[in-house]
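Down below is the structure, laid out as structure tokens.
We did not get these values from a lab; they are worked out from the coordinates using the rules stated. Since the model is a prediction, treat every value here as computed from it, not as a measurement. A quick note on method: Cβ atoms are made from the backbone with ideal geometry, for glycine too, and the neighbour counts reach across all protein chains shown.
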Amino acid sequence: MLLSAATSQSSGGVVAAWTASGSGVGEESICRVTTHETATAARLSSSGEAIVSCGVDVALCATRDATVALRLGNNEEGAPRGLLQCCDFDQSSRLVCVGGEGGLLDVWDCKRRRIVRTLEDHGSSITACRFDSTSTCVASGNAQGEVLIHKVRSRQLLALLAESSQPPITTLEYSPLRPHHLGALHGDGSLRLWDVDRSQKLAKLGGGRATTDLLGLAFSPVNAKFLAAARADGAVAFWDADRGVCVKALDVGGRCTSLAFATERVVVVGADDGRLVAYDLRSTAAPVSHVDAHDGAVRSLQFVDAAPPRPRIAASPQRAATPPRQATPPRQATPPRVATPPRQATPKATPPRSPVASPRRVVAPPPLPAVEPEAPPPPPSPARLYREKQQKSPDKAPVAVSPAPAPPAFYEALDDVADELRASIQNLHVDVLRQFQIQKSEVAALLEAHEARIAELLRENAGLRRENEELRLPW
């Protein structure tokens, strides 16, 4: 996804998200939101689901709904100070750093909707800010041309990157392939590359009378020493950062204000007339796409490797009433079976009874089994009676208890514990390495002692062999 931000008198501060691929920028935007009358900066989250824009306040937008979901204004407690000029998301998309004319860099927690850190020591208005790749440190530039590196959790100032008489900072960007390299654009159109770990300047590109001012900066996602910078004369300069030379210039036309790499070979350039022009670096004779994105100058461009958010499914209309099912016609009654007339028994010829015959024996039927009376049901258990009574009693009904929110001091304590654990783990790692070195030295000393002992034994063995040979000689 590609994010563009622009400001014009007719539409105000507008941020828009676009699809970007090897074929360029899509014709239609994914979402378009007017956040402020003047949008000074905008950034896209790593997942592509949220946009932060700043002006007189901080606006958080949802790309799926194209709406402003949350505003952090000056009328709220702990709100930003003065006009904001820069903002950025961390990797988790939960923390947002914003800075402006007040000279304070505030770190907001979007979930708790409050400031969790305030970084000072700037001395003037803040013009640019960026989180590093791990989101543990944040770089900020001020109007005096200084770059400050702070640790977010402890608020510690780790480095101050500055030279004498530097113009104000306009843009800061970290290299994706060299995380300790930071590029800083200045108001005079010059670009300085810094090694943050060593607090050392690596190169200075552009600036001065011999070159054209640089207005935009983007590092290559596949080549660590390759970067691109938008020039004010309508061209894009591609630099070899290690040698400090411009290896190629691409004429775009108009005044280039910003740029970003969409893929490893496609670069998108924003112009002052609101155009987004995409070029394939394999064939730069003509652009691969050309979009009239805004009616004002494009202030910033940012590409995030994330899929476009899926639109929300609209509520379906109420279904029509289902007609009642027709009753199944009853089956035709089966005609009653006709009883078969019993066969007439054939009378058997019975001989006449003799008057002197014995009387007929009458066999009695077997006695019917006695019907046992049904046993009464067992009485309910006391536990069952107690549970039923508790359920029927209204004053004994369970009450939903919502947990109380944790105080801010709890989160501060968690952060301190995390820092202590991290320091303890680092110290443990150092101790393990130290013990390993000590054991390695002891093993090496033992090996040397064994080698010396073996050499001495070999010498003694050789002397004994010579004595044995001498004893065997005949006298």
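When the residues of segment 146-188 are filtered to those that are hydroxyl-bearing (S, T, Y) and part of a strand (DSSP E or B), which remaining residue is surrounded by the most Cβ atoms within 10 Å (Cβ to Cβ)?
Applying the first criterion (hydroxyl-bearing (S, T, Y)) to segment 146-188 yields 154, 164-165, 170-171, 174-175.
Next, only the ones that are part of a strand (DSSP E or B) stay: 170-171, 174.
Working: T170: 20, T171: 22, Y174: 18.
Filtering first and then ranking leaves T171.
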Check your understanding: Which residues, taken from segment 189-211, are farther than 20 Å from L148 by Cβ, touching a Gly at 6+ places or on another chain (Cβ under 9 Å) and surrounded by fewer than 18 Cβ atoms within 10 Å (Cβ to Cβ)?
Key -> A203, G208, T211
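Considering only strands (runs of 3 or more DSSP E) fully contained in segment 4-102, which possess at least 3 residues that are touching a Lys or Arg at 6+ places or on another chain (Cβ under 6 Å) and surrounded by 21 or more Cβ atoms within 10 Å (Cβ to Cβ)?
84-89
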**Study point:** Scan of segment 236-254 for residues that are surrounded by fewer than 20 Cβ atoms within 10 Å (Cβ to Cβ) and either closer than 24 Å to L202 by Cα or of a type in the set (G, A, S) (or both), ordered by number
**Key:** F238, D240, D242, R243, G244, V245, C246, V247, K248, A249, G253, G254
Review point. Would you pick out the residues in segment 255-304 that are small (G, A, S), surrounded by 15 or more Cβ atoms within 10 Å (Cβ to Cβ) and assigned to a loop (DSSP other than H, G, I, E, B)?
Key: A262, G274, A293, G296, A297
Check your understanding: How many residues are among the small types (G, A, S) and in a loop (DSSP other than H, G, I, E, B) when one looks only at segment 189-217?
Key -> 5
**Study point:** Search result, residues across segment 209-255 that are within 13 Å of Y279 (Cβ to Cβ) and basic (K, R)
**Key:** K248
